[in-house]
Amino acid sequence: MRPLQALRLTALAAATLACGSAFAANIDVDAECNIDSDYHLTLNERSLILTRHEGAPKAIVLRQGRMFVDDRWVTLSAEDSRRLAEFERGTRAAMVEAQQIGREAAHIAFTALGEVAAALGNQPERTRAQVEKARRELDTRLSQVITPTRFSGKALGDGIGEAIGEALPAVLGDVVGGAVSAAFSGDVERFKRLEQLDAKIEAAVQPRAKALERSADGLCRRMGELDKIDDTLGYRYEGGPLNLMRVEYKPKQP
């Protein structure tokens, strides 16, 4: 895979993890989108929960147009109640979308690992089977912890990281063994496959990576709409806005 494409794919995966784990880190999607928040996000069947260790308020709970701030339910205008209900619905939808993008980013990584194993490994079929097993386990894990009524950014990030981390040693071990074997045996064909590996991986993942980029771009636009809702809230905490998130989005030039 060419360096720029690898960078873009990494950025897309990072975008997903950042949206998921917190709304809580600066992220870039192909240098077009920045999402930032001081809060960590959790969803359950009843509520959207935002928490942070530093700053005030420490905790905000949104529940169907109602809002709990630190230690009490607060009084809201009818307009703010409507806005917060819309914010909660939009966030639930966005987090499911983030899970799907994260899953696809991981699947693309697994595809690339499989191509590496096929080109260079001593036992490519066995290694590919291990990669596929890790992929299936990731799908099962994410389907259990990420739903429209349940979300944990930590579970999303941990699930993807652990799945790739479990598959990677098997691939690396097989590839290193294959490289050593090729060096000692003078296996010219295997080294030729190495020369063709970049193009083969690119052909395998580029269409999916482009589709993933479009999905991440769409997610960023929807997060921007949520930021607009946040900005229009009339409620004030100690005289200032809540500022739940900050989104800077610049559409890609045609």
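The values are calculated or read from the model by the stated rules, or taken from the named source; none is laboratory data. Fair warning: this is a prediction, and the values are worked out from it, not measured in the lab. So basically every Cβ, Gly included, is an ideal-geometry build from the backbone, and we count neighbours across all protein chains shown. Side chains included, ligands, DNA and RNA excluded: accessible areas come from the protein's heavy atoms. Shrake-Rupley method; radii C 1.70, N 1.55, O 1.52, S 1.80 Å.
Structure summary
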quantity: From the options Val205, Val188, Val247, residue that is at pLDDT below 85 and closer than 30 Å to Asp70 by Cα; calculated: Val247
quantity: Of the criteria (1) modelled with pLDDT of 95 or more; (2) in contact with a His (Cβ under 8 Å, 6 or more places away or on another chain); (3) β-branched (Val, Ile, Thr), which one Ile60 fails; calculated: (2)
quantity: Among (1) hydrophobic (A, V, I, L, M, F, W, C); (2) surrounded by fewer than 20 Cβ atoms within 10 Å (Cβ to Cβ); (3) modelled with pLDDT under 75 - the single one Phe151 does not satisfy; calculated: (2)
quantity: Selected residue (criterion: least open to solvent (accessible area, probe 1.4 Å)) from residues of region 55-97 that are among the hydroxyl-bearing types (Ser, Thr, Tyr) and farther than 17 Å from Met223 by Cβ; calculated: Ser81
